[in-house]
Amino acid sequence: MFYEQFNHICISQGTTPSAIVKKLGLSTSKITAWKRGSIPKPTILEKLSNELSVPVSAFFSDKKEKPTPEGELGEDLLVLHRNGKRIEYHLTEEQLAAVQPLLDQLNAKKDPDF
């Protein structure tokens, strides 16, 4: 979730989400929306990224996960963005193989309502 990573980055830099939002001249109500799962617009993400000196992708990576040990099979990550929310599915190779044909069909259709 965006807010969890944003908060983690702020804490690691000795600041708070409120301080960063105020410094950028944004409404503190943005923080409440982000806590509820909303994702900032790209322009705001860029401002946050610049202010905290991190790439935009840092707001969407889960730093709390342990890295997969070398040589051990890990999980694939399937990420969906729906209505401004990021949904992550951690799939084993077998699960990915099972859903891959459906994903290929959906991608071929390019259904904008999916």
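Nothing in this text is a laboratory measurement; each read-out follows from the coordinates by a stated rule. Values in this document were obtained by computation on a predicted structure and should not be read as measured data. For neighbour counting, all protein chains shown are included, and Cβ atoms are generated from backbone atoms with ideal geometry for every residue, glycine included.
Quotient of the Cα radius of gyration of the stretch 2-60 and 2.2 N^0.38 Å, N being its number of residues: 0.97. With neighbour counts taken as other beta-carbon atoms within 10 Å, the residues 86, 36 rank, fewest first, as 36, 86.
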